[in-house]
1. Please state which one of Leu26, Leu9, Leu51 is surrounded by 15 or more Cβ atoms within 10 Å (Cβ to Cβ) and within 10 Å of the chain's Cα centre (by Cα).
2. For Leu50, indicate whether it is touching a residue at least 40 places away in the same chain (Cβ under 8 Å), in a helix (DSSP H, G or I) and not polar (S, T, N, Q).
3. Can you tell me which residues in region 24-47 are over 25 Å from Ala11 (Cβ atoms) and assigned to a loop (DSSP other than H, G, I, E, B)?
4. Tally the residues that are surrounded by fewer than 15 Cβ atoms within 10 Å (Cβ to Cβ) and either among the polar types (S, T, N, Q) or closer than 30 Å to Pro3 by Cβ (or both), restricting the search to region 29-48.
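Throughout, read-outs are computed from the coordinates displayed, never taken from laboratory work. All figures in this text were calculated on a predicted structure; none of them were measured in a lab. With ideal geometry, Cβ positions are generated from the backbone for all residues, glycine too; neighbour counts draw on all protein chains shown.
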Amino acid sequence: MRPMSSFKLVAIGFALVFAGFLVPFLMVLEVVEPGFVLSFSAYFSSLFGLLLAFYGISHHVSLRRRDDK
């Protein structure tokens with residue numbers, strides 16, 4: 001199995017961060033009923049997406065530096 005490319009990691013991270021923003025926004029607008037589990041899942045989605053995007057960016061930079069040498 002091939003490892004994921006850095007662009008896919010950044011894209012998945014961005015999608016998770018966007019979901020972590022969208023869910024609380026929909027709860028404030030009362031489109032989705034607020035709940036304890038939903039709030040924590042939105043928080044952890046945002047946190048994990050941010051970490052995944054940073055990992056993808058750092059992986060991309062390290063690959064570029066290795067190719068330049």
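1. After applying the criteria, what remains is Leu9.
2. Considered against the rule, which asks whether it is touching a residue at least 40 places away in the same chain (Cβ under 8 Å), in a helix (DSSP H, G or I) and not polar (S, T, N, Q), Leu50 comes out as no.
3. Result: Leu29, Glu30, Val31, Glu33, Pro34, Gly35.
4. Adding up the residues that qualify gives 6.
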